[in-house]
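Novice: Take a look at the following structure, please.
The values are calculated or read from the model by the stated rules, or taken from the named source; none is laboratory data. Keep in mind the model is a prediction, meaning the values are calculated, not measured. Cβ sites come from the backbone with ideal geometry, for glycine too, and all protein chains shown count toward neighbours.
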Amino acid sequence: MQKGHFSKEFLEKIAAAEPQWMREKRLEAYALYESLPMPHTTEDDVWRRTVDMRTQDYWRRTRRYLRGLDVEKYAPSLPTNGGPSDIDVDASDEAASGVLVQVDGQLQHISKSEELKKKGIYFADFHTALREQPELLRDYFMNKAVTLETALKSGNIAQHNKFDALHGAFWRGGYLLHVPKGVSVEVPLRVFIKMSEADQADLSHTLIIAEEGSQVAVLEDNASTTSDASGLHSGAVEIFAGQNANVTYVQVQRWNRTVWNFGSHRAMIARDAQLCWVSAAFGGRLNKMNQASILEGAGSHAQMLGLAFTDARQHLDVSTAQEHISPHTTSDLMYRTVLKDRSQTAWGGNIYVYPSANHTDAYQKNDNLLLSERAHADTLPGLEIQAHEVRCTHGATAGKIDADQVFYLMSRGLPYTQAERLIVEGFFEPVIERVPLESVREELSTSITRKLG
Amino acid sequence: MSNELTIKDLHISVQGKPIINGLSLTVQPGEVHALMGPNGSGKSSLANGLMGHPLYEVDSGEVIFDGVDVLDLEPNERAKLGLFLAFQYPTAIPGVSLANFLRLAVSAVRGKETNGSEKDKLIPMREFRRELREKMQQLGVDDSFARRYLNDGFSGGEKKRAEILQLAMLEPKIAILDETDSGLDIDAVRIVGDSVSRLVGPELGVLIITHYPRLLEYIRPQFIHILLDGRIVESGGWELAEMLEAEGYDPIREKHGIKEEE
């Protein structure tokens, strides 16, 4: 496969077949990308806006990890002509109303159920969408949710992000899902974003637009097909839940342990809309993610469930934001992490309540379970409240596996490894039991079991 | 001989402090022993040490069960041989249902390897459910009990019943009951006492550890031992329990020249 590189020439090459506005958008992002330092080349924590003394140590750790990154080593493949080829599709037997499979930025397979077609749901890879739905993309793509200069208020998310700029300049692949007004999709859609060849860069873009009163669920898998092919993922996820819409979005990340993983995920939630958002992270060498729910409309609700399991020398750094703009909005975040070996995680969360958002009810909780003496978890909950009548609760814990729990289970005949496994499964259970889809619950349990080894 | 538990000159310390100072005791299948002693006499240390809690260090002595010295074994291996400890303070395991846990535990002690996650190593679900329901009925616990997270948010009485339910399911050869009557009201003590009495038979030896003879009204032991200062100072029959009930530990302390723990 012919490879590109992160240069202006390459940008022009991929933009050649695209509308002029997209080319300009790419160039604007490229200019920002060029102007921002690589995060590890500066003493400052460029991932966040406000200086927080508590974060000094963990920034130092993340920076140390980043030293091994050479972005120039990676690049997306060149655009190919022609439609999807026929290879693989282990997804064809899934109970899904739509299936999309992408490997190394190339669309491999897409299928849609009769239901999707009949109900006028648009589901396509991003390049096709750019041809067929240019107006929609022009309106939404990196304009409202993930933007080059963030509209977020939370101090734990930087104003400008080098990797968002990289994504904006060189995005390739991904998909658009558009659900028209009042349409309900009963069966979830499934998306498989894969990396296979070494030194690939995956810059997939996810855009989900659920119009007023619609209902949809998407399960997205990000996975490597090999255990050792090094790669770079710089992704963006944009979710729009229209008035009264009900959206479920699940992303399960299983890159192999050599992949550099960056991403910005945003959801805009309109009046009385509901979002159930599940983020599960198992893979990656270094993960630097930020995820935000913006409760724009009165009465909107976001549930953010996070589950992460790291091992070896994996490093996972996640910033979350729950931003309440309108009154009577509710958000509920629960992140649980289990760490093995010498892995390290950092979670920094923020609830931001605008002055206009009275009667906000927000909850934020992060718990970490350390299975090894050498694992390290930082947890930094945060609140910024501008309104007067709010209810915000937050909490964080980090602790080693409990020796009394282990002894209790072993005294009943379970060997150590099985006792540990049961305690880990029990630790994740409060997150898993809240996941609304049985198939996802099973998939998560399987990934946890695999990680336990 | 094989199912007898023989403790020989056992010494146990916790963080360098000697707690059990040369204790010897033999429990045969079919026998019920009561080990009585005031708070601080070392009762729970003995129970935890026998089961292999890592905090309780065995300094010397032997514990022979089923022909092997169990002190060399991990707690799960002791359980597999047929030792069972009903805890004074059972630990909560949030997120793990009693039924799921018990199925793994029963499969483990009944000799099937459950190291892997393969389902065929577990006892069949239907068989397990039938057995569990039957034993829960005998104990007078509700069906919903099985779905609750293990000891998580259980009342004192529920915790003790869960311990006895596990005892009934795991069918050990020797059961050690550590203060199983503590924190229970009189009705709960009766239910727990009756349940254990039903389990006592020629296959099961029981060591009841308690500082209060209430539970013994329901499970009549043939042997009473008095533990003071980490040693058994008196052994006898029911008359010892009656004497304790009437006079307390002071006359025995005096007789053996042991000062009351501060």
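Novice: If you take the residues in region A:174-207 that are of a type in the set (Gly, Ala, Ser) and buried (at least 24 other Cβ atoms within 10 Å of the Cβ), which one is farthest from A:VAL435 (Cα to Cα)?
Specialist: A:ALA201
Novice: Quick one: would you say B:GLY111 is more than 21 Å from B:ASP178 (Cα to Cα) and either at pLDDT 95 or above or of a type in the set (Phe, Trp, Tyr) (or both)? Before you say what the answer is, go through the steps one by one.
Specialist: Numbers: more than 21 Å from B:ASP178 (Cα to Cα): yes; either at pLDDT 95 or above or of a type in the set (Phe, Trp, Tyr) (or both): no.
So B:GLY111 fails the test.
Novice: Quick one: is B:LYS160 of a type in the set (D, E, K, R), under 20 Å from the mean Cα position of the chain (by Cα) and more than 30 Å from B:ASP59 (Cα to Cα)?
Specialist: Details: of a type in the set (D, E, K, R): yes; under 20 Å from the mean Cα position of the chain (by Cα): yes; more than 30 Å from B:ASP59 (Cα to Cα): yes.
Against the criterion (of a type in the set (D, E, K, R), under 20 Å from the mean Cα position of the chain (by Cα) and more than 30 Å from B:ASP59 (Cα to Cα)), B:LYS160 qualifies.
Novice: Return the pairs, sorted by first residue and then second, in which the second residue is outside any helix (DSSP H, G or I) and aromatic (Phe, Trp, Tyr), the first residue lies in region A:411-440 and is in contact (Cβ under 8 Å) with a residue 60 or more places away in the chain and closer than 19 Å to B:LEU102 by Cβ, the beta carbons are less than 9 Å apart, and the residues are 6+ apart or on different chains.
Specialist: Partner pairs satisfying both residue conditions: A:VAL424/A:PHE309.
Novice: Can you say whether A:ILE401 is of a type in the set (A, V, I, L, M, F, W, C), touching a Cys at 6+ places or on another chain (Cβ under 7 Å) and more than 18 Å from A:TYR335 (Cβ to Cβ), as far as the supplied structure shows? Walk me through it before giving the result.
Specialist: Working: of a type in the set (A, V, I, L, M, F, W, C): yes; touching a Cys at 6+ places or on another chain (Cβ under 7 Å): no; more than 18 Å from A:TYR335 (Cβ to Cβ): yes.
No: the conditions fail for A:ILE401.
Novice: Identify all residues within region B:147-164 that are surrounded by 19 or more Cβ atoms within 10 Å (Cβ to Cβ) and in contact with a Leu (Cβ under 9 Å, 6 or more places away or on another chain); write none if there are none.
Specialist: Within region B:147-164, B:TYR149, B:LEU150, B:ASN151, B:LYS160, B:ARG161, B:ALA162, B:GLU163, B:ILE164 qualify.
Novice: So which of B:LEU71, B:LEU23 is part of a helix (DSSP H, G or I) and either away from chain A (no Cβ under 14 Å) or in contact with a helix residue (DSSP H, G or I) (Cβ under 6 Å, 6 or more places away or on another chain) (or both)?
Specialist: Step by step, each of B:LEU71, B:LEU23 is checked, and only B:LEU71 is part of a helix (DSSP H, G or I) and either away from chain A (no Cβ under 14 Å) or in contact with a helix residue (DSSP H, G or I) (Cβ under 6 Å, 6 or more places away or on another chain) (or both).
Novice: Can you name the number of the only condition in (1) over 17 Å from B:ILE20 (Cα atoms); (2) among the β-branched types (Val, Ile, Thr); (3) within 14 Å of chain A (Cβ to nearest Cβ) that B:ILE176 fails?
Specialist: Unmet condition: (1).
Novice: Now for a separate question. Any residue that is of a type in the set (Lys, Arg), within 14 Å of chain B (Cβ to nearest Cβ) and at negative phi - is there at least one of those in region A:334-349?
Specialist: For region A:334-349, residues of a type in the set (Lys, Arg), within 14 Å of chain B (Cβ to nearest Cβ) and at negative phi: present.
Novice: More than 10 Å from chain A (Cβ to nearest Cβ) and modelled with pLDDT of 95 or more: which single residue out of B:ALA92, B:ALA79, B:ALA99 fits that description?
Specialist: Checking each option against the conditions leaves just B:ALA99.
Novice: Among the strands (runs of 3 or more DSSP E) lying completely within region A:85-185, list those that include at least 1 residues that are at positive phi and out of contact with any Phe, Trp or Tyr (no Cβ under 6 Å at 6 or more places or on another chain).
Specialist: Here the list is empty.
Novice: Related question: Among (1) surrounded by 19 or more Cβ atoms within 10 Å (Cβ to Cβ); (2) over 18 Å from A:PHE262 (Cβ atoms); (3) modelled with pLDDT of 90 or more; (4) not hydrophobic (A, V, I, L, M, F, W, C), which single condition is A:SER77 missing?
Specialist: (3)
Novice: Same structure again: Looking at this structure, is B:GLU163 without any contact (Cβ under 8 Å) to a residue 24 or more places away in the chain and in a helix (DSSP H, G or I)?
Specialist: no
Novice: Pick from region B:37-78 the residues that are over 20 Å from B:THR91 (Cβ atoms) and touching a Phe, Trp or Tyr at 6+ places or on another chain (Cβ under 8 Å): which of them is surrounded by the most Cβ atoms within 10 Å (Cβ to Cβ)?
Specialist: Taking the candidates together, the pick is B:GLY37.
Novice: Hey, another quick one. Give region B:50-68 a look and list any residue that's at the interface with chain A (Cβ under 10 Å from one of its Cβ atoms), in a loop (DSSP other than H, G, I, E, B) and touching a residue at least 60 places away in the same chain (Cβ under 8 Å), or say none.
Specialist: none
Novice: Just to check your reading of the model, which residue among A:SER300, A:SER331, A:SER343 is more than 24 Å from A:THR150 (Cα to Cα) and over 16 Å from the mean Cα position of the chain (by Cα)? Walk me through it before giving the result.
Specialist: Details: A:SER300 fails: more than 24 Å from A:THR150 (Cα to Cα); A:SER331 fails: more than 24 Å from A:THR150 (Cα to Cα).
Only one candidate qualifies: A:SER343.
Novice: Which count do you get for residues in region A:108-141 that are of a type in the set (Val, Ile, Thr) and within 12 Å of A:SER97 (Cα to Cα)? Reasoning before the result, please.
Specialist: Step one: list which residues in region A:108-141 are of a type in the set (Val, Ile, Thr), which gives A:110, A:121, A:128.
Right, trim to within 12 Å of A:SER97 (Cα to Cα) and you get A:110, A:121.
The number of residues fulfilling the criteria is 2.
Novice: Scanning for something among the hydroxyl-bearing types (Ser, Thr, Tyr) and more than 15 Å from the chain's Cα centre (by Cα), does region B:39-48 turn up at least one residue?
Specialist: Yes, the conditions are met somewhere in region B:39-48.
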